[in-house]
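First the structure, in the form of structure tokens, and then the observations on it.
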Amino acid sequence: MVNDKAPTWRHQITLVDREELTVEGVNSLGSYDEKEVVMETSQGTMTVHGEGLNVKQLNLEASNIVIEGNIKGIQYEEGHKERRGLLDRLLK
């Protein structure tokens, strides 16, 4: 028996003309504005940088997002790093 559903571990990025980005394997959307979209994926925290960014479609049940705008960069952070304040770093 063949299952038509994509595996839950699958993470795929499709970028068309640096204007439309589709990401599969999205767990949650952290924050977004016209210059940055931050999301949790199955491969870590992913940040998309650009100009005029807009979340065109978000479907967390299907684990995908479509972002349009002028895409300038994509960056990953490993795992779920805790952002520490200046005082925490000084008292280390």
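Assorted remarks:
- Pair list, Cβ < 6 Å and 6+ apart or interchain, from the stretch 50-61 residues that are closer than 17 Å to G30 by Cβ to residues that are among the aromatic types (F, W, Y) and in a strand (DSSP E or B): V55/Y32
- Scanning the stretch 60-92 for residues that are exposed (fewer than 10 other Cβ atoms within 10 Å of the Cβ), modelled with pLDDT under 60 and of a type outside the set (K, R) turns up G79, H80, E82, G85, L86, L87.
The values are calculated or read from the model by the stated rules, or taken from the named source; none is laboratory data. Nothing here was measured: the structure is a model prediction, and the numbers come from that model. With ideal geometry, Cβ positions are generated from the backbone for all residues, glycine too; neighbour counts draw on all protein chains shown.
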